[in-house]
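Structure incoming, see below.
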Amino acid sequence: MFKIGVLVSGGGTNLQAIIDSINNGIIKDAKIETVVSNKEDAFALQRAKNNNIETKVLKIKDFENKQLYENALIEHLKSKELDLIILAGFMVILSENFVNNFENKIINIHPSLIPAFSGAGYYGIKVHESVLARGCKITGATVHFVTEEADCGPIIIQKEVFVNDNDTAETLQKRVMEEAEWIILPQAINLILNKQIKIVDNIVRRI
Ligand code: GRF
């Protein structure tokens, strides 16, 4: 059984896409062992509970400093002996020490075609506002491995979404989720689970 941990902060639609893919057999022989949130009111926690998945809330402000917070998070995740950790809308920047504890075992979903609109300051609705402000005709989503530098790890899958003339940041955000994020996240999990990819010189290659 391939053991997955999912880190969330918000609505959890990407978590739901993973749950649905496991339930309908698109992802086989996998189990979400834990869903961890840094916010106790994240709706993602309810989605986990609805599916009898164990949840844990770890809030940064309950710890003296960020390092102690990360230590608790590392300890919890290690105790689950996970094969893969998925950042699914987790709004905490993780340190190099955290990433080094789970080498090539953490992936993230980002709502743009990296390297466009990625890195510091590009999160949530801001990404889509920036895409519209620049007049881009195409955007999309990216699943990538997590390294110490935000949004810079090896790219696993990308999918494009066309921008409409009448899009608002909100309508674009919704379509990027529906047409890209919820599709490529399960696909990326399957590529890793089925050992179909490897990282060579920071580039993801099919095996
Ligand atoms: C998604 O747009 C994801 O790409 C980004 O954060 C958002 C999370 O949404 N990293 P949800 O909580 O999965 O609905």
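Between residues in the stretch 71-93 that are touching a residue at least 60 places away in the same chain (Cβ under 8 Å) and residues that are in a loop (DSSP other than H, G, I, E, B) and hydroxyl-bearing (S, T, Y), which pairs lie under 8 Å by C-beta distance while being six or more apart or on different chains?
What qualifies is G89/S9; F90/S9; M91/S9; M91/Y123; V92/S9.
Another question, if that's okay. Is it the case that K159 is within 11 Å of the ligand (Cβ to nearest atom) and of a type outside the set (F, W, Y)?
When the stated conditions are applied, K159 does not pass them.
Which pairs turn up if I take residues in the stretch 1-17 that are within 19 Å of V92 (Cα to Cα) and look for partners that are near the ligand (Cβ under 6 Å from one of its atoms) and of a type in the set (D, E) with beta carbon separation below 7 Å, at least 6 apart in sequence or on another chain?
Hits for this filter: N14/E181.
Does the stretch 45-53 contain any residue that is in contact with an Asp or Glu (Cβ under 8 Å, 6 or more places away or on another chain), outside any helix (DSSP H, G or I) and away from the ligand (no atom under 16 Å from the Cβ)?
Checked against the condition, which is being in contact with an Asp or Glu (Cβ under 8 Å, 6 or more places away or on another chain), outside any helix (DSSP H, G or I) and away from the ligand (no atom under 16 Å from the Cβ), the stretch 45-53 yields no hits at all.
Shifting gears a bit: Under 9 Å between Cβ atoms, which residue pairs at least 6 apart in sequence (or on different chains) link something in the stretch 158-179 that is in a helix (DSSP H, G or I) and of a type in the set (S, T, N, Q) with a partner that is at pLDDT 95 or above and surrounded by fewer than 16 Cβ atoms within 10 Å (Cβ to Cβ)?
What qualifies is T171/N164; Q173/G124; Q173/I125.
Could you give me the residue pairs with C-beta distances under 9 Å whose first residue belongs to the stretch 50-61 and is within 18 Å of K80 (Cα to Cα), whose second residue is among the acidic types (D, E) wherever it lies, and which are 6+ apart or on separate chains?
As it stands, the answer is I53/E33; E54/E33; V57/E40, since those pairs meet every condition given.
The values are calculated or read from the model by the stated rules, or taken from the named source; none is laboratory data. Not measured: the values here are computed from a predicted model. Note: ideal-geometry Cβ built from the backbone for every residue, glycine included; neighbour counts use all protein chains shown.
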